[in-house]
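Worksheet: the structure to be examined is printed underneath.
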Amino acid sequence: MTEKKNKSAIQRRLVPSYIFLIIVCFISVFPIYWMLTAATNTSYDVSQGRIIFGTYAIENFKALLKAAADSSHASLGRIMWNSFLYAGLQTVISIFICSLAGYGFELYHDKHKDRLFAVLLLAMMIPAVATLIPLFTMMSRLHVLSTPIAFFLPAISTPFMIMMFRQNSRNFPVDIMEAARLDGLSEFAIFFRMYMPVMKSTYAAAAVICFMNAWNAYMWPRAVMTDNKAMTMQMLVANLSNGYTVDYGLLMMGVLFCSIPTMVIFFVLQKQFAEGITGAVK
C-alpha cells in the first residue's frame, strides 16, 4: 500500500509538468499545422484566420506551378532540382573538408595549429553581409555566376563545422591510430577507414546542419544566381510575396514545398543528430 501511495503521489506531482510539456508541444507544432491548413485554403480564408483544412490545395498547387514558370521560365521540378543539387553538393563537400580539418587540428597538435584555429574562430564574428561584395566580385572574375560552384564555394569550409568536428574528435580513441600505424596504414587510410566510420554520428549531425543551411540560404544565391533558370526554392518563395497583393494560400503552398525536404532529413537522422551534437562516438 505504501508503494502505491508513493507512486500516486509522484504521478500527481508530475501532472503540472505534463501539462506544461503539452502546452509547449502545441505551441511548437501549431505553426506547422497552420502552414498545412493555409496551403489548402484560399488567400481570403487564410487572411480571415481559418485554421481548418480547406479544399483549395489543387488550385494553390497549380498556381505555384504557374508562378514557377513565370518567375524562372522553368518548371517547379527544375527549381526543386536546383535546390537539391546545390544543397547536396555543399553538404557533401563541406562535411568532408571540415571533418578533415577538425581531424587534423585535434589529433595532430602543435602550437601553430592552435593559433591558426584561433584565427578561424575569429572569422565566426564577421557577419556574412560584410563579405558579400568581395565574394561576389571573386565569383564574377572566376566566371562562375549562376553555377553550383558559385553557390557552394564560399561555404565549403566554415569555422563552426571545423570546431564541431574538432571538439567531437577528442572522443576518438587515439590508441586505434597508433595500432593502425603499426599495421602499416597511411594517414589518409586511417582517416577514411577508421575515423569516418567511428565518427558517423558526428557526420550525420553535420550533414543535417549543412543541408538545412544550404537549403534555406537566400541572400547569397540571390546575389550570384543571376540566371532565372538557376533559381532556388527560397528565391521562388520570395518572389511569391512580391507585388501589391499577396496570395497567402499560394505562398503557404510554396513554403510547404520548401519545408518538406528539411523536415524529412531531420526526422530520418534525428537520433544520429542528437548523438553527434552531444559528441557521442561509436
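Kindly establish whether residue 273 is assigned to a helix (DSSP H, G or I) and either small (Gly, Ala, Ser) or at pLDDT below 90 (or both). Break it down into steps so the answer makes sense when it comes.
Numbers: assigned to a helix (DSSP H, G or I): yes; either small (Gly, Ala, Ser) or at pLDDT below 90 (or both): yes.
It is true that residue 273 is assigned to a helix (DSSP H, G or I) and either small (Gly, Ala, Ser) or at pLDDT below 90 (or both).
Residues in the range 123-149 that are more than 30 Å from residue 81 (Cβ to Cβ) and surrounded by fewer than 10 Cβ atoms within 10 Å (Cβ to Cβ): 125, 127, 130.
Among the residues of the range 163-173, write down those that are crowded, with 20+ Cβ neighbours inside 10 Å and either assigned to a loop (DSSP other than H, G, I, E, B) or among the polar types (S, T, N, Q) (or both). Result: 168, 169.
Assigned to a loop (DSSP other than H, G, I, E, B), small (Gly, Ala, Ser) and farther than 30 Å from residue 195 by Cβ: does that describe residue 74?
yes
Taking residue 120, is it closer than 30 Å to residue 187 by Cβ, surrounded by 10 or more Cβ atoms within 10 Å (Cβ to Cβ) and either of a type in the set (A, V, I, L, M) or in contact with a helix residue (DSSP H, G or I) (Cβ under 9 Å, 6 or more places away or on another chain) (or both)? Criteria met by residue 120. Taken over the range 77-96, the criterion of being buried (at least 16 other Cβ atoms within 10 Å of the Cβ) and closer than 17 Å to residue 199 by Cα is satisfied by 91, 93, 94, 95.
For the range 236-263: of the residues being of a type in the set (Ser, Thr, Tyr) and modelled with pLDDT of 85 or more, which is surrounded by the fewest Cβ atoms within 10 Å (Cβ to Cβ)?
So, considering only residues that are of a type in the set (Ser, Thr, Tyr) and modelled with pLDDT of 85 or more, the one surrounded by the fewest Cβ atoms within 10 Å (Cβ to Cβ) is 262.
Looking only at residues in the range 174-202 that are in contact (Cβ under 8 Å) with a residue 24 or more places away in the chain and of a type outside the set (Ser, Thr, Tyr), the one that is surrounded by the fewest Cβ atoms within 10 Å (Cβ to Cβ) is 174.
Here's the yes/no breakdown for (1) in contact with a helix residue (DSSP H, G or I) (Cβ under 6 Å, 6 or more places away or on another chain); (2) β-branched (Val, Ile, Thr):
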{"residue": "228", "(1), (2)": "yes, no"}
{"residue": "232", "(1), (2)": "yes, yes"}
{"residue": "239", "(1), (2)": "yes, no"}
{"residue": "244", "(1), (2)": "no, no"}
{"residue": "258", "(1), (2)": "yes, no"}
{"residue": "262", "(1), (2)": "yes, yes"}
{"residue": "268", "(1), (2)": "no, yes"}
{"residue": "271", "(1), (2)": "no, no"}
{"residue": "275", "(1), (2)": "yes, no"}
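Filtered by the rule that a residue be surrounded by fewer than 17 Cβ atoms within 10 Å (Cβ to Cβ) and either over 29 Å from the mean Cα position of the chain (by Cα) or of a type in the set (D, E, K, R) (or both), the range 33-53 gives 44, 47, 48, 49, 50, 52. Against the test of being over 14 Å from residue 64 (Cα atoms) and either surrounded by 15 or more Cβ atoms within 10 Å (Cβ to Cβ) or out of contact with any His (no Cβ under 9 Å at 6 or more places or on another chain) (or both), the options 212, 233 yield a single qualifying residue, 212. Restricting 60, 41, 82 to residues that are in contact with a Gly (Cβ under 8 Å, 6 or more places away or on another chain) and either in a loop (DSSP other than H, G, I, E, B) or within 30 Å of residue 159 (Cα to Cα) (or both) narrows the list to 41.
In the range 74-103, the residues that are over 28 Å from residue 167 (Cβ atoms) form Cβ pairs under 6 Å with partners that are polar (S, T, N, Q) and surrounded by 23 or more Cβ atoms within 10 Å (Cβ to Cβ), at six or more places apart or across chains, as follows: 82/232; 83/232. Listed by first and then second residue, the pairs with beta-carbon distance under 6 Å, at least 6 apart or on different chains, first residue in the range 2-27 and on the phi > 0 side of the Ramachandran plot, second at pLDDT 65 or above and surrounded by fewer than 10 Cβ atoms within 10 Å (Cβ to Cβ), form an empty list. Restrict the check to the range 222-229 and report whether at least one residue is surrounded by fewer than 19 Cβ atoms within 10 Å (Cβ to Cβ) and without any contact (Cβ under 8 Å) to a residue 40 or more places away in the chain. Yes - at least one qualifying residue is present in the range 222-229.
The values are calculated or read from the model by the stated rules, or taken from the named source; none is laboratory data. Given the structure is predicted, the values throughout are model-derived calculations rather than measurements. Positions of Cβ are backbone-derived with ideal geometry, glycine not excepted, and every protein chain shown enters the neighbour counts.
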